[in-house]
């Protein structure tokens, strides 16, 4: 029995809400219709996916597994729809996603020597967008920073980048040329909800403010709500009058990678992947990312 994607979308809505009424409202269908579709999906798969009792809706083990698998399946279907639409227009255009502080131009220029007829669009992405935008086809290839959910993706390391501490100008360590992890132990951290992704050996207390992107991070730090850690390229691409960058040599470096969906079969995208790897190697050989080194030399400056 083939898996019905419409039923799968209905299931994901219920699994996310754990409430049939709210899921039906989100899907703009009647609740009895939604219930029938979920029962039909369970019949197709030969197993219960949800249980309902006095405490509400719960996922069975099979339901939890299907929810895990459903995201990449639905994203892949959406990506296929996008690619068919693009192909119907006769376009070979590709879109490259990139995280803040990553230079894409060298790869675009190298790629253009072999494919001058293929336009390359660029789109800034944030950490929580990396995998979803690749899987659903909004971008064809991405310059990503770890961590990333690699399910359904081919991820290749590109280079590592030192990190710096982001401190408010009045911080006790703001005037130092560099600091150690030990100097910053116990400082509230502006970071992701998942503290396991912190780059330090010693966890920091969560400052309680989640920043989406470098700009938001700088504003939180400037307001004295905590400190943060960013790749050294931030010292070149971003400045703020109330924030200062200080190198932390013993901090785990940031890992930049290239990522494409496993399901993406495109010689043009493969050629860009190769061009990006070659451009990174040449840049490293010519001075270990000299542009970012200049930023590192000025890391104690602000504004």
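The values are calculated or read from the model by the stated rules, or taken from the named source; none is laboratory data. These figures come from a predicted structure and were not determined experimentally. Ideal geometry is used to build each Cβ from the backbone, glycine not excepted, and the neighbour counts take in all protein chains shown.
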*Residue check, residue 136 against (1) in contact with a strand residue (DSSP E or B) (Cβ under 8 Å, 6 or more places away or on another chain); (2) surrounded by 17 or more Cβ atoms within 10 Å (Cβ to Cβ); (3) farther than 24 Å from residue 242 by Cβ; (4) at pLDDT below 90, all met but one. Which one?*
(1)
*asked:* Of everything in the stretch 183-193, what is assigned to a loop (DSSP other than H, G, I, E, B) and touching a residue at least 40 places away in the same chain (Cβ under 8 Å)? Give them in sequence order.
replied: 187, 192
*Within the bounds of the stretch 42-65, is there any residue that is in contact with a helix residue (DSSP H, G or I) (Cβ under 6 Å, 6 or more places away or on another chain) and in a helix (DSSP H, G or I)?*
no
*Selection from the stretch 147-182 of residues that are touching a strand residue (DSSP E or B) at 6+ places or on another chain (Cβ under 9 Å), crowded, with 16+ Cβ neighbours inside 10 Å and not in a strand (DSSP E or B)*: 148, 152, 162, 169, 171, 173, 174, 176, 178, 179
*Does the stretch 244-277 hold any residues that are assigned to a loop (DSSP other than H, G, I, E, B) and buried (at least 18 other Cβ atoms within 10 Å of the Cβ), and which are they?*
248, 251, 264
_Subset of the stretch 210-228 [surrounded by 13 or more Cβ atoms within 10 Å (Cβ to Cβ) and either assigned by TED's automatic domain parsing to the domain that holds residue 129 or more than 19 Å from residue 170 (Cβ to Cβ) (or both)]_ = 210, 211, 213, 214, 216
*asked:* Given (1) under 29 Å from the mean Cα position of the chain (by Cα); (2) within 23 Å of residue 263 (Cβ to Cβ); (3) not assigned by TED's automatic domain parsing to the domain that holds residue 129, identify the lone condition not met by residue 45.
replied: (1)
*For residues that are part of a loop (DSSP other than H, G, I, E, B), without any contact (Cβ under 8 Å) to a residue 60 or more places away in the chain and within 22 Å of the chain's Cα centre (by Cα), tally how many sit in the stretch 210-228.*
2
*Residues 51, 68: which one is more than 20 Å from residue 135 (Cβ to Cβ) and assigned by TED's automatic domain parsing to the domain that holds residue 11?*
51
_Counted residues, the stretch 199-209 - those being free of Cβ contacts under 8 Å to residues at least 24 places away in the same chain and either surrounded by 16 or more Cβ atoms within 10 Å (Cβ to Cβ) or assigned to a strand (DSSP E or B) (or both)_ = 4
_Looking at residue 267 and the list (1) more than 20 Å from the chain's Cα centre (by Cα); (2) over 30 Å from residue 77 (Cβ atoms), which single condition is not satisfied?_
(2)
